[in-house]
Amino acid sequence: MICGNRIRLRGVERSDLRKFQEWLNDPEVAENLSVYLPLSMIDEEQWFDGVSRLQADEKPLAIEVKEGRGWRLIGNLGFFHLEWANRCAEFGIFIGDKSIWDKGYGTETVRLLLRHGFETLNLHRIYLRVYSTNPRAKRAYEKAGFILEGTMREAVYRHGRYADIHIMSVLRSEWNAVPEGK
Ligand SMILES: CC(C)(COP(=O)(O)OP(=O)(O)OC[C@H]1O[C@@H](n2cnc3c(N)ncnc32)[C@H](O)[C@@H]1OP(=O)(O)O)[C@@H](O)C(=O)NCCC(=O)NCCS
């Protein structure tokens, strides 16, 4: 387990897939993700079989929030495009439970993953892509220490129009310089 104050990250189980499918079929959740078609349980099972074969460092993690004496699944996240020679990785996240958006859980979760990436995996640069139509995510990433690095203009097509994709990143040196960010 990777543990924070209110959040913990654990391995994804097959039993999580039903929730992931429900959330990823919610237009509000999927709006700013690369998912743009309805997802069946067969799609989810195939995704799970695929990620089960990935190297341990690249396997997605389930996000759980503390609730009473237990923990409740709220989404998932993970590193991908890991480049070990460059010590660089991309990361992605979704919190499917909309009732807890805007309460700081996303920021806390991203900080937890950054700590894991820098202090356990020994990464040097962690980056992400976020659609210009997603100010909530951009704000959460900024709070967690990400810096806007560049823009891929009109790189995604949704609802009949193009949007920009922003690239944001954090370097290990920046992370080390902001202890309160951890
Ligand atoms: C993006 C996501 C991970 C953020 O998690 P979260 O728990 O909602 O984020 P936080 O509460 O930590 O931070 C959200 C911030 O955005 C702000 N915000 C919300 N809507 C906003 C808007 N329309 N414009 C500007 N800021 C906005 C919130 O007020 C909060 O900032 P504050 O703490 O300064 O008030 C989560 O909402 C999510 O998974 N969304 C659906 C999938 C997705 O978009 N994934 C990211 C793809 S790049």
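If we keep just the residues of region 121-162 that are touching a residue at least 24 places away in the same chain (Cβ under 8 Å) and β-branched (Val, Ile, Thr), which is farthest from Ile2 (Cα to Cα)?
Within region 121-162, the match that is farthest from Ile2 (Cα to Cα) is Val156.
I want to confirm something. Restricting to region 63-95 and keeping residues that are near the ligand (Cβ under 10 Å from one of its atoms) and of a type in the set (Gly, Ala, Ser), which single residue is farthest from Arg111 (Cα to Cα)?
Selected residue: Gly75.
Quick check, is Glu13 surrounded by 13 or more Cβ atoms within 10 Å (Cβ to Cβ) and either touching a Phe, Trp or Tyr at 6+ places or on another chain (Cβ under 6 Å) or charged (D, E, K, R) (or both)?
Criteria not met by Glu13.
Read through the list (1) closer than 22 Å to Asn25 by Cα; (2) in contact with a helix residue (DSSP H, G or I) (Cβ under 8 Å, 6 or more places away or on another chain); (3) part of a helix (DSSP H, G or I), then give the number of the only condition that Ser99 fails.
Every listed condition holds for Ser99 apart from (2).
Quick one: which of Val130, Val110 is surrounded by 18 or more Cβ atoms within 10 Å (Cβ to Cβ), near the ligand (Cβ under 8 Å from one of its atoms), of a type in the set (A, V, I, L, M, F, W, C) and in a helix (DSSP H, G or I)?
Val110
Which residue is farthest from the chain's Cα centre (by Cα), if the candidates are limited to region 48-58 and must be exposed (fewer than 10 other Cβ atoms within 10 Å of the Cβ) and not small (Gly, Ala, Ser)?
Among residues in region 48-58 that are exposed (fewer than 10 other Cβ atoms within 10 Å of the Cβ) and not small (Gly, Ala, Ser), the one farthest from the chain's Cα centre (by Cα) is Arg53.
Among the numbered criteria (1) surrounded by fewer than 18 Cβ atoms within 10 Å (Cβ to Cβ); (2) at pLDDT 95 or above; (3) closer than 21 Å to Phe79 by Cβ; (4) within 15 Å of the ligand (Cβ to nearest atom), which single criterion is violated by Gly181?
Of the numbered conditions (1) surrounded by fewer than 18 Cβ atoms within 10 Å (Cβ to Cβ); (2) at pLDDT 95 or above; (3) closer than 21 Å to Phe79 by Cβ; (4) within 15 Å of the ligand (Cβ to nearest atom), the odd one out for Gly181 is (2).
I need the full set of residues from region 18-47 which are in a helix (DSSP H, G or I), surrounded by fewer than 17 Cβ atoms within 10 Å (Cβ to Cβ) and either hydrophobic (A, V, I, L, M, F, W, C) or touching a strand residue (DSSP E or B) at 6+ places or on another chain (Cβ under 9 Å) (or both), in order please.
Passing the criteria: Met41, Ile42.
The values are calculated or read from the model by the stated rules, or taken from the named source; none is laboratory data. Note that the coordinates shown come from a computational prediction; the quantities given were computed from them, not determined experimentally. With ideal geometry, Cβ positions are generated from the backbone for all residues, glycine too; neighbour counts draw on all protein chains shown.
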